[in-house]
Structures are given as C-alpha cells and as structure tokens.
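These notes are about the structure you will find just below.
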Amino acid sequence: MSLVNILNIQVLDNPTRFTDEFKFEITFECNAELQDDLEWKMIYVGSAESPDYDQVLDSIMLGPVPVGVSKFVFSANAPKIELLPQHDLLEVTVVLLSCLYRDKEFVRVGYYVNNEYDDEQLRLEPPEHVMIDKLQRNILADKPKVTRYTIDWYNQGNVTQQQEGDASMQQQSMDQDMMVQ
C-alpha cells in the first residue's frame, strides 16, 4: 500500500509557447508520517529513439510532508533546445512527473505533448529548419498514464526478494485514476 497518493494534477497555462515554463498543480495525500522528504522530478523526453536526449527539467525535495492533503505548483523551464534533435522538435513527445521516496520511485505520471506550429500555413508547409519562436506546446492533459511501483516505505533496505521475483508486484499500471483538468 502506498503511503502517498496523487489525488489530482492540473496542467496550467496549456496550451502555451514551446519556450514557456511547464506548470503543474499537484494535489496529493499522505496517509502516514514520513521520515524523509519526497523528491519530485519533471522529465522531458527529447526523442523516442534514445533516452540520451531526455532532460530532467527540475527536481525538488518536498518536506517535511504532513499527514493529510497537500497541494503545490511544480514548474520548470522548457527543455534546452540545443540538446534536442531538430527532427524531434515537432509532433508528439512525452513529459513525465515522477515522485520518489528514499531514492525509490513509487509513482510516475506521463503526458503526451504535441508540439506544432501556431500558424496554419507553417503546419501545412513546414520550413526546413524548425522555427522555435513559432512553436506551440499542447499537453494532452485528459489522458495521463499513471504507473505505480511497490516500494518499502518503512525500511531503508532494498526491495525484498519476493518483490524482485514478482514483476507484477513491482509495477502496476493504471490508465487514469485521478481527476485531471
């Protein structure tokens, strides 16, 4: 059983320019006292072909976390364009929100992101070189992919042998189990 559950994530300022900040309002519930902080990460997937282009846009430590419901806005700068393959700047990619406790990821929420020109003519006839100042980012907020991982909340040790041998206990996927606006 997870001691922390995400109740709601709202994508703020969406759609927006490609170079604007990502902003998510996250509401979560803590069901028991935690000894350590939660680590939240925002990751931009730069290319479907290789994780080498993934960028951690921000990572924050949140704590002490009180028992009950908490809410915060997690924002991060847009990805560094110079680190992304030009051919992957347009079309669909992914942004991930990940939460860890004691360096163990227990939940990941992924959103598809559609990057396209804000001008119809440029969409129909894209230029040879991507015009960053004309790109719009639209996070498809209505269908997040939520993945949960079983972790040991109470001990600092590794995952038990039973969990190592049972992949179904290590990962449970849900298409959508939270309100998203």
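Every number in this text was worked out from the coordinates using simple rules, so none of it is lab data. This structure is a prediction, so every number in the text was calculated from the model and none was measured. FYI the Cβ positions are ideal-geometry reconstructions off the backbone, even for glycines, and counts take in every protein chain you see.
Structural remarks
- Under 19 Å from the Gln136 label point (7 Å along Cα→beta-carbon), backbone N, the stretch 109-130: 112-127, 130
- Global geometry of the chain, whether rounded, prolate or oblate, following the gyration tensor of its Cα atoms and the 1.5 cut on a/c: prolate
- Along the chain, the exposed loop sites are GluC sites (Glu not before Pro) outside DSSP states H, G, I, E and B with at most 11 other Cβ atoms within 10 Å, and the longest stretch free of them is 50-127.
- Centre separation in Å (Cα based) which lies between the stretch 52-78 and the stretch 98-148: 17 Å
- Under 16 Å of direct C-alpha separation, and excluding same-chain neighbours fewer than eight residues apart, Lys104 reaches these aspartates and glutamates: Asp36, Asp37, Glu39, Asp152, Glu164.
- Taking 0.36 nm per residue of sequence separation and removing the Cα-Cα distance, the Asp36/Asp152 pair yields an extension gain of 40.5 nm.
- Between Val56 and Val69, the simple spin-label model (points 7 angstrom out along Cα→Cβ) gives 3.1 nm.
- Relative contact order of the stretch 4-176, defined on C-alpha pairs under 8 angstrom at six or more residues apart (%): 21 percent
- With the helix formula -39500 (n - 2.57) applied to DSSP H stretches of n ≥ 4, the chain reaches a computed 222 nm mean residue ellipticity of -1500 deg cm²/dmol.
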